[in-house]
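The values are calculated or read from the model by the stated rules, or taken from the named source; none is laboratory data. Here the structure is a predicted model, which means the values were calculated and not measured. No Cβ is skipped: glycine too gets one built from the backbone with ideal geometry, and neighbour counts run over all protein chains shown.
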């Protein structure tokens, strides 16, 4: 089952790349305007302007890296992308010295800034956490700021199954979250386990699939399955930023 808010899944990555390009263009425009004015009084304007632009750029870079890593990429992409973005900022600093340093979290459960956990307890999470430090110096002003950035997509699944013998009706709920609260899914794929050979079977219209989208990140889903044992379900989603997360749950037989 797929909820499609865009024509193709890869369009999510294209939007992330486009967003990063826009951020860099905005940063370039800010520096150009201030440099053109050639006024020391305006140095504070440069400092005030580049901080929110840099913060937006670090956020977009982290989203892109987490989308990459959660879709079978390497977790090292986070450090690589942030190094590249930091280098771009330094090279574009026309009116002031600009330095962006960062430290990916290594506090449990994060490793190298990443926490990707897709468990069998009905919960899954894909998350990135990085601390940043910005130092800017110019002819009249110096500026220092520290901030932390968290990007998270989380999923919680719970369900029940009813029916006698092998034929079961499964009813379960998917709840999607990001770092700010409930979030929408761009795509949801549902599977249940074939207990004969352990393979996973894709749920489709042939299973009488029915989906109720509450519009707030919660999805009520039902389908028919064939299983002698309690049905194990796997929900796999991409959020609107193309970040992937999944969670498995064994449905309670009632």
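Here 133, 137, 126 are screened, and the one residue that is closer than 28 Å to residue 243 by Cα and over 15 Å from the mean Cα position of the chain (by Cα) is 133. If only residues of the stretch 186-195 that are assigned to a strand (DSSP E or B) and farther than 13 Å from residue 223 by Cβ are counted, the one that is nearest to the chain's Cα centre (by Cα) is 186. Residue 106 meets the conditions (1) loosely packed, with under 13 Cβ neighbours inside 10 Å; (2) more than 16 Å from the chain's Cα centre (by Cα); (3) modelled with pLDDT under 95 in every case but one. The failed one is (3). Residues that are under 20 Å from the mean Cα position of the chain (by Cα) and more than 15 Å from residue 216 (Cβ to Cβ) within the stretch 163-185 comprise just one, 179. Could you tell me whether any residue of the stretch 167-180 is surrounded by fewer than 16 Cβ atoms within 10 Å (Cβ to Cβ), without any contact (Cβ under 8 Å) to a residue 24 or more places away in the chain, closer than 30 Å to residue 130 by Cα and not assigned by TED's automatic domain parsing to the domain that holds residue 64? Yes, that holds for at least one residue.
Run down 215, 198 and say which single residue is assigned by TED's automatic domain parsing to the domain that holds residue 167, at pLDDT 95 or above, loosely packed, with under 14 Cβ neighbours inside 10 Å and in a loop (DSSP other than H, G, I, E, B).
None of the other options fit; the residue is 215.
Looking at the stretch 230-248, can you tell me whether even one residue there is touching a strand residue (DSSP E or B) at 6+ places or on another chain (Cβ under 9 Å), surrounded by fewer than 17 Cβ atoms within 10 Å (Cβ to Cβ) and in a strand (DSSP E or B)? Looking through the stretch 230-248, none of the residues is touching a strand residue (DSSP E or B) at 6+ places or on another chain (Cβ under 9 Å), surrounded by fewer than 17 Cβ atoms within 10 Å (Cβ to Cβ) and in a strand (DSSP E or B). Among residues of the stretch 24-83 being at pLDDT below 50 and not in a helix (DSSP H, G or I), the one that is surrounded by the most Cβ atoms within 10 Å (Cβ to Cβ) is 39.
Is the stretch 91-102 home to any residue that is at pLDDT 95 or above and either assigned to a loop (DSSP other than H, G, I, E, B) or surrounded by 13 or more Cβ atoms within 10 Å (Cβ to Cβ) (or both)? There is at least one residue in the stretch 91-102 that is at pLDDT 95 or above and either assigned to a loop (DSSP other than H, G, I, E, B) or surrounded by 13 or more Cβ atoms within 10 Å (Cβ to Cβ) (or both).
How many residues are out of contact with any strand residue (DSSP E or B) (no Cβ under 8 Å at 6 or more places or on another chain) and more than 26 Å from residue 187 (Cα to Cα) when one looks only at the stretch 58-91?
6
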